[in-house]
Structures are given as C-alpha cells and as structure tokens.
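The structure appears below as structure tokens.
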Amino acid sequence: MPLLALLTLTQSLFAAQGVYYAATNLWKAHIGWGSQSSPALGSNGDIYVGTWNGDLIAFKPDGAECWRFKTGFEIASSPAVGTDGTVYVGCRDRRLYAVDQHGRKRWTFKTGGWVDASAAIGADGTIYFGSWDKQFYALNPDGSKKWKFATGGPIVSSAAIDASGVVYFGSHDRKFYALNPDGTKRWEFATRGAITSSPAVGRDGEIYFTSVDGKFHALHPNGTPRWNLQTGGITRSSPVLAADGTIYVSVNQTHCAISPEGKLKWQRGFWHPQPGSFGESAAAVLGNGSVVFTGGDGYVMTVPSDDGAREWIWNFWLFSTYSSVVVGRAGDIYAMGLGRELYALRNSVPLAESPWPMFRADPQHTGRVRGR
C-alpha cells in the first residue's frame, strides 16, 4: 500500500476511535512579512496571498515561489482569481489591482480610500468591491468603471453574489444592501451596528451575515428577516454553510454552530494570547461534515459537526493567525500564520457540497454562490 494511502487510512482509524493527531505539514513558505490575507487558489493550483508589506505572492502547489508583485502599501484584502487566471486584490494605497497569472500588472483602479474588502467576481466577469471611501464599485474586466453606489460609511464587508446576479454587502453605516447587477438598489436592511463581515448565500437564496450589534442575521432573498440570533459577536468572522444547512462562525473567542432555524447548536472556546483580541477568520466545511477552524490561538483544527466530546480531530499550530484557510480540490489545506509563513497541510477530504462552504464561497474567492 502506498505511504500516503496508509497514512490516510491510519488517521481515519485513529479519528474513528477518538484518537487525536497532528496534521502533516507538506511544506511551508516564507512570505517575508506578516499577513491577515486569506490565500486563494487559481484553477492551475497556484496559491496567491497578500502581505502587510504590500506584496502579492504566487506559489506553486509544491511551495516554490513563482513571483512577487509589489503594490504601494499594505494588503489587508484577500485575492480573488478570475476564470482567465487574473488575480484581483485590494490595497491600502487606495487601489484595486488586476495582475495576470505571470505576475504582470494588467491595470489598477483608484478609489478614495483603503480597499480592505475582497473583490467578488460575477459570472460575466464584473468585479465588485467596496472601499473606505464609502463607495461600492462595479468594474468591467478591462478595469473601466461600470457603476458605483454610495453608502453612508466605509465598506470592508466583501460582497456576495447570488445565483441571479444580485450583489450583497454591508457597510459601517449599519445597513446591509442588495444591489441589482446594474447598480440600482434592490433593498436595504438596517441593523444596530456596523457590518464588517462578509455575507454567505444559501441554496434557496437566503442571506446570512453578522453585525457588531451582537446579532447574527438571516434574511429572505427579498430582504425580510428570517430570524436573528443574539450572539454578542463583534468581530469580522464570516459565516459558512454545511450541506445540511448548519452555519458555522467564530464569535469573539468561541467557534459556533447554528442550526438552519437560528438556534445555537454548540460553541467551543479558544484561547487567545492577547486579552481582548478575538477571532476574525471564517471556517471551512469538509465533505465528511467536519469543520476546519482557525483562531487567535494559532491553531488550525478540525472539529466534529456534532456536539460530541471530542474537541478536535486533528490540529496544527501556526503561531497565530487571523486568516481563513483555503481548501484545494484534493483536500489539501493552505493556511497563513502571522509568523510570516504560508503552510500546506495534508488533508484528503475536499470541501463539502454546499452553496457556501468556505470564506468567499470557493477556493478562487469569487464570492459567488456555488452549485446553481
């Protein structure tokens, strides 16, 4: 039996018997600076990540560095990859960059504020993103402006796109917006706090998001409330969805599971080395129902989907992280640590067949609902 198959079988048996184990580190790559950008994958398997010193870096699936593209300032947003391999990333030099898969600049688009939100990519190639200048932008694939929409506050919430092309995002103005593909407002929903997390879209078009008003909100596609859950959460952690409709999100210093009906199923606390600092990252749901979480304690871990006694199935320590993981086609997991390293972890279970199983919905971070 090949070594990889034997290792996978052994790990599966250990997990079934309640034995915990550490994940296998396939490789790690030095990025030269810290990062809170979440890695994205190209269709060819290349991995893209942004750094605090303004580098957009591309790595091969084996960890070899392909290229570095220098922007003008810090990168806090996560890259998104188009069907042609173009990588889109926002920067605190007030620009959105389009970089081809060879590391060459295609174009830049200048806004009036930091671009911390990650870009969403429509089925027709339109690029959607918000800025600290309080504007939400739609660009054509050549970088020309299609339209813009003004809100009452900075926008750090990364947009989500449903199956009909409606675009959803939140703003610091305490409102959640739904825009038609032509930029006209479809509806808005008021909360009692800024909306800094990215929404998730469910199989039937329902929308899920958090607000710093301490509530988790679920809306119907027409903008009316389905339910809300008081969590006390004030972080940017974004929800993800399992195939059975269970919602996973980090709330301050806990990882939580919420039923499709809006009831808290379970929560597990995690330690943070800095008092008062909370988890910011999104989870990822795997095809066997287990859930990958990262937190300020620096661990990547999988936890069972039920509320059983096991706190985790496997884990790996990153030193510390604020980034969400990305799961490759074969299941390998890529995670950023604040210790200036990108890690590739062996995992044989791919993403769940869910409309929104991970941050930005898919490994390319298109922000487009899956499976429709």
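The values are calculated or read from the model by the stated rules, or taken from the named source; none is laboratory data. These numbers come from a predicted model, not from an experiment. A quick note on method: Cβ atoms are made from the backbone with ideal geometry, for glycine too, and the neighbour counts reach across all protein chains shown.
Here are some notes:
- Selection within the stretch 235-270 - of a type in the set (A, V, I, L, M) and assigned to a strand (DSSP E or B): VAL240, LEU241, ILE247, VAL249, VAL251, ALA257, ILE258, LEU264
- Residues of the stretch 192-234 classified as on the phi < 0 side of the Ramachandran plot and in a loop (DSSP other than H, G, I, E, B), total: 22
- From the options ALA163, ALA150, residue that is over 20 Å from PRO79 (Cα atoms), surrounded by fewer than 24 Cβ atoms within 10 Å (Cβ to Cβ) and out of contact with any Gly (no Cβ under 9 Å at 6 or more places or on another chain): ALA150
- Residue pairs whose Cβ atoms lie under 7 Å apart, sitting 6 or more positions apart in sequence or on different chains, and linking a residue in the stretch 237-262 that is more than 12 Å from MET358 (Cα to Cα) to a partner that is of a type in the set (Gly, Ala, Ser) and surrounded by fewer than 18 Cβ atoms within 10 Å (Cβ to Cβ), are THR246/SER259; VAL251/GLY232; ASN252/GLY232; GLN253/GLY269; THR254/GLY269; PRO260/GLY245.
- Scanning the stretch 114-126 for residues that are buried (at least 24 other Cβ atoms within 10 Å of the Cβ) and β-branched (Val, Ile, Thr), we see that the one that is nearest to TRP52 (Cα to Cα) is VAL115.
- Criterion (over 27 Å from ALA76 (Cβ atoms), over 22 Å from the mean Cα position of the chain (by Cα) and surrounded by fewer than 21 Cβ atoms within 10 Å (Cβ to Cβ)) met by exactly one of ARG192, ARG226, ARG203: ARG226
- Among the residues of the stretch 128-180, those identified as assigned to a strand (DSSP E or B) and under 17 Å from the mean Cα position of the chain (by Cα) are TYR128, PHE129, GLY130, ALA160, ILE161, VAL167, TYR168, PHE169, GLY170.
- Residues that are buried (at least 21 other Cβ atoms within 10 Å of the Cβ) and within 13 Å of TYR343 (Cα to Cα) within the stretch 41-83 comprise ILE47, TYR48, VAL49, PHE59, listed in sequence order.
- Of the criteria (1) at pLDDT 75 or above; (2) within 18 Å of ARG236 (Cα to Cα), which one PHE316 fails: (2)
- Strands (runs of 3 or more DSSP E) wholly inside the stretch 26-81 containing at least 2 residues that are at pLDDT 95 or above and touching a His at 6+ places or on another chain (Cβ under 9 Å): 65-70
- Residue within the stretch 331-346 that is over 24 Å from ASP297 (Cα atoms) and outside any strand (DSSP E or B) present: no
- No other residue among ASP133, ASP173, ASP93 is surrounded by fewer than 21 Cβ atoms within 10 Å (Cβ to Cβ), of a type outside the set (S, T, N, Q) and more than 25 Å from TRP52 (Cβ to Cβ) apart from ASP173.
- Residue within the stretch 292-308 that is modelled with pLDDT of 90 or more, in a loop (DSSP other than H, G, I, E, B) and of a type outside the set (Lys, Arg) present: no
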